[in-house]
Amino acid sequence: MIEYIDVHKAFDVPVLTGVSLSVETGETLSIVGPSGTGKSVLLKTTNGLLVPDRGDVRIDGVSVYHAEREQLAAIRRKVGYVFQYSALFDSMTVFENVCMGLSDGEARRARTPEVLRKVCDSLEDVNLDPALVLHKQPSELSGGMRKRVGVARAIVARPEILLYDEPVTGLDPINSAAISRLILEIRERTHVTSIVVTHDIEQALEISDRVALLTHGKLRFVGKPEAFRASSDPVVRAFADRQAAAEAALQLVERGDDDN
Amino acid sequence: MTELLVNTVSSVLARIGRTAESVARDAGQMAILVARVVRATATGQVALRDVLTQLMSVGVGSIPLVAVTAALSGIVTSQQGGYQFTNSIPLYVLGSVVTAGVILELGPVMTAIVVIGRVGARITAEIGTMKVSEQIDALHSLGRDPVAVLAAPRIIAGMLAMPLLVGLANFIGVFAGLVAARFAVGLGADSFLYGARLFWHSWDLLYSITKGFVFGFVIPLVSVHMGFKTGGGAEGVGRATTSAVVTMIITVLVLDAIFPPLFLN
């Protein structure tokens, strides 16, 4: 279980102004909201990449910020993180990148069949053919493949929690749908607790047990996708309608391009 | 008029204050970085493979450029000394001037400048790019300490490689000076070596290698530190790299000026 307790964070201006939220074990929660409202900041407080100015984050009852060094390392081993732009290590091959997701001991035995099997399994889990990608550099992969390798690296150690930061940013609709399907498949297979930060409300409603809307540094709505759709809250409606309008406009543009 | 003067003075003082604060903050952060590197090394978190990879990059990869720079330094010193000594000082003294000039000063400093340009700038740009593209965050999230993975191997490799590079630069610089003396002023090898031996102190070589060791510690330390504090996308990486190169050159020259009163008196 993940608990955010009155989390505050400011950089030059306040970003999070008192976020409290619980995510149950095995649940998939999507955090949606306009750009710049602190969705990624909130995600990064989960495994200590950012430290809140006030408040706390607890994973299975253990405070991420008051944990001892070993405890924090143990927490981080429980948590897989998929970065917005994959954050693959440019100087390493796909195999070495995925190996980095394993424990120190396993990574040092990178040439053993056991480790190779784990890396290949993880790549197959994200629908990549190890024979084709294993020895490639990240620069040789497409955007969608890089995302998948990022997911493979996050799940290779079989974490209990997966954090996705804008998993479909920069992807075309086909790859976006494939990533959404992948998130569902991983959840079905591993029963992992997932938090997905996304600006794509349709993706959020499709893959989540609950949706949270973050605006102006506070949670405006937390509830089931059906409740989100039916909400009469004008802010929720405005966000959902603006997103729908933007998607409709995009479809019109795309259709226009097709007509030409 | 008085008001303008007061404003100008207070503006200059404020700028000096900000610079001093920034230098003090950087120095403090680098001291913490050193402590973390020592801890990571002492607790066996630094992979030997990473150190060897960096040794290849810092050391072996720098050999051609260091050799060319050292040879040219030796040649220029020899030619200039020959020009000044002809008809005034016994020419064999040239052997001492070239040997002392290269070993005490040109070998370590020119090697440091080459390593700053070739390796230091690359380290800052590489780590800075990793910072702005969230690769450092990725290391944290994977339970890896970026200090153990990125900083320690580069600093250890710098401390191991620089003394060897300085030793090589000294040898090549003196040899090139010897050959240049033969062609520039007709000074034979025997006379050159006689002059070199006449004023030779064994301590000079240790002094030179010590300089190499200190520069080999400082250059990667500054470049790693500047890489870690990079922010602001591609422009930020460019700014950090420029700032790192300037800081490394000034630091090396300041240390070079501190060395003689500390070790040569």
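The values are calculated or read from the model by the stated rules, or taken from the named source; none is laboratory data. On a predicted model such as this, the values are computed, not experimentally measured, just so you know. Because the Cβ atoms are built from the backbone with ideal geometry, glycine has one as well, and the counts that use them run over all protein chains shown. Note: accessible area is taken over every heavy atom of the protein model, side chains too, but ligands, DNA and RNA are not part of it. Shrake-Rupley method; radii C 1.70, N 1.55, O 1.52, S 1.80 Å.
General remarks:
- Some residue of the stretch A:55-75 being open to solvent by 20 Å² or more (accessible area, probe 1.4 Å) and within 27 Å of B:GLY233 (Cα to Cα): no
- Residue satisfying all of: in the stretch A:3-42; at positive phi and within 19 Å of the chain's Cα centre (by Cα); most open to solvent (accessible area, probe 1.4 Å) among these: A:GLY36
- Filter pass, A:LYS78 being within 12 Å of chain B (Cβ to nearest Cβ) and not hydroxyl-bearing (Ser, Thr, Tyr): yes
Okay, residues lined up against (1) at pLDDT 90 or above; (2) within 27 Å of A:VAL23 (Cβ to Cβ):
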| position | (1), (2) |
| --- | --- |
| A:ALA67 | no, yes |
| A:LEU88 | yes, yes |
| A:CYS99 | yes, no |
| A:GLU106 | no, no |
| A:LEU116 | yes, no |
| A:VAL119 | yes, no |
| A:SER122 | yes, yes |
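- In the stretch B:16-38, the residues that are open to solvent by 50 Å² or more (accessible area, probe 1.4 Å) and closer than 30 Å to B:LEU168 by Cα: B:VAL38
- Residue satisfying all of: in the stretch A:83-96; surrounded by 23 or more Cβ atoms within 10 Å (Cβ to Cβ) and at the interface with chain B (Cβ under 9 Å from one of its Cβ atoms); nearest to the chain's Cα centre (by Cα) among these: A:PHE83
- The set of residues in the stretch B:114-164 that are open to solvent by 10 Å² or more (accessible area, probe 1.4 Å), of a type in the set (Val, Ile, Thr) and either touching a Phe, Trp or Tyr at 6+ places or on another chain (Cβ under 6 Å) or away from chain A (no Cβ under 14 Å) (or both) comprises B:VAL114, B:ILE156.
- Qualifying positions in the stretch A:144-171 - without any contact (Cβ under 8 Å) to a residue 60 or more places away in the chain and in a helix (DSSP H, G or I): A:GLY144, A:MET145, A:ARG148, A:ALA152
- Filtering B:ALA240, B:ALA234 for residues that are touching a residue at least 24 places away in the same chain (Cβ under 8 Å), open to solvent by 80 Å² or more (accessible area, probe 1.4 Å) and farther than 16 Å from B:THR210 by Cα leaves a single hit, B:ALA234.
- Scanning the stretch A:107-143 for residues being in contact (Cβ under 8 Å) with a residue 40 or more places away in the chain and either open to solvent by 20 Å² or more (accessible area, probe 1.4 Å) or assigned to a loop (DSSP other than H, G, I, E, B) (or both) gives a total of 9.
- Tally of residues being surrounded by fewer than 22 Cβ atoms within 10 Å (Cβ to Cβ) and within 25 Å of A:VAL222 (Cβ to Cβ) across the stretch A:167-178: 2
- Residue check for A:GLU70: part of a helix (DSSP H, G or I), of a type in the set (D, E, K, R), over 21 Å from A:ARG148 (Cα atoms) and without any contact (Cβ under 8 Å) to a residue 12 or more places away in the chain: yes
For every residue, the table says whether it meets (1) in a helix (DSSP H, G or I); (2) out of contact with any strand residue (DSSP E or B) (no Cβ under 7 Å at 6 or more places or on another chain); (3) open to solvent by less than 40 Å² (accessible area, probe 1.4 Å).
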site	(1), (2), (3)
B:ALA14	yes, yes, no
B:ALA40	yes, yes, yes
B:VAL46	no, yes, yes
B:ARG49	yes, yes, no
B:GLN80	yes, yes, no
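- Criterion (within 14 Å of chain A (Cβ to nearest Cβ) and within 26 Å of B:LYS229 (Cα to Cα)) met by exactly one of B:ALA47, B:ALA14: B:ALA47
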